[in-house]
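Working notes for the structure below.
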Amino acid sequence: MSSFNSGISGKNTGKDVDYTFYLVTDTGMCPRDRLADVVERSILGGASIVQLREKNISTRDFLEEAKMLSRVTQKYDVPLIINDRLDIALAVDCGLHVGQDDMPVETARKLLGPDRLIGVSAGTLKEALDAEDGGADYLGVGAVFPTGTKTDAVIVSEEDLREIGKRVRIPFVVIGRINRETIPELIGRGIENISGVAVVSAVMLSPDPEKETAEIRELFTDCRRKAGSGMI
């Protein structure tokens with residue numbers, strides 16, 4: 001029987017964080033003038049944490065976008081995470097997510113302090129354990145399925161996924177083509193302690209982000225509950 005945590009952790013945050021539905025933005029799929037509305041509607045559907053991810057944008061525009069989303073997330077008391085850019089995270093007073101080629105988590109922790117949320121991408125057990133030891137609050141583990149949003153993403157091995165679930169003590173979300181079709185397969189693998197799902201295209205491309213979020217969240221929590229009770 002697999003055991004699952006609730007997706008909630010208060011480590012280094014000053015408050016509990018619900019990782020169940022981790023929304024990741026992509027303005028390649030959603031126009032910038034619609035981004036705040038899509039994020040708000042997803043939050044209304046159950047998104048519990050939001051990451052602003054931008055790659056090809058000026059610092060000034062990134063900052064304005066972060067401020068805009070910060071107003072939305074603060075309205076609902078949902079954490080906002082900035083991908084890669086520590087300067088933007090500092091300017092907007094929010095969390096940071098770093099990849100394996102970005103600033104080391106130990107350095108980010110020194111600069112951001114003990115109370116700011118910091119997440120790290122991990123694709124292997126070693127990367128996951130190193131990030132945990134370095135002071136990460138949570139992990140983004142993936143890709144768990146081939147995905148079009150990150151064409152260079154390497155699929156995490158089944159063995160590493162299982163070992164991460166068994167050995168990592170901090171929360172982790174899974175990422176990589178997470179949608180209503182792939183969630184039952186993912187949970188059916190028997191990976192323990194998945195805190196949440198990180199969703200990109202399923203929401204960013206949806207004509208109804210609120211409904212899509214609600215349905216994915218309900219499906220994930222239902223599958224996780226059944227797996228935890230040995231029903232799947």
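Observations, loosely collected:
- Sole exception among (1) more than 15 Å from the chain's Cα centre (by Cα); (2) modelled with pLDDT of 95 or more; (3) of a type outside the set (D, E, K, R) for residue 190, by number: (2)
- Pairs where the first residue, in segment 111-139, is more than 19 Å from residue 197 (Cβ to Cβ) and the second is among the basic types (Lys, Arg) and part of a loop (DSSP other than H, G, I, E, B), C-beta under 7 Å, 6+ apart: 132/169
- Failed item in (1) under 30 Å from residue 215 (Cβ atoms); (2) at pLDDT below 95; (3) in contact with an Asp or Glu (Cβ under 8 Å, 6 or more places away or on another chain); (4) not basic (Lys, Arg), with residue 17 passing the rest: (2)
- Pair list, Cβ under 7 Å, 6 or more apart: segment 40-66 residue part of a loop (DSSP other than H, G, I, E, B), other residue modelled with pLDDT of 95 or more and small (Gly, Ala, Ser): 46/214
- Any hit, segment 123-144, residues being within 19 Å of residue 25 (Cβ to Cβ), under 15 Å from the mean Cα position of the chain (by Cα) and among the hydroxyl-bearing types (Ser, Thr, Tyr): yes
- Set side by side, the residues 58, 70 differ, and just one is under 17 Å from the mean Cα position of the chain (by Cα) and not aliphatic (A, V, I, L, M), which is 70.
The values are calculated or read from the model by the stated rules, or taken from the named source; none is laboratory data. What you see is a predicted model, and the numbers here were worked out from it, not measured in a lab. Cβ coordinates were reconstructed from backbone atoms using ideal geometry, including for glycine residues, and neighbour counts include every protein chain displayed.
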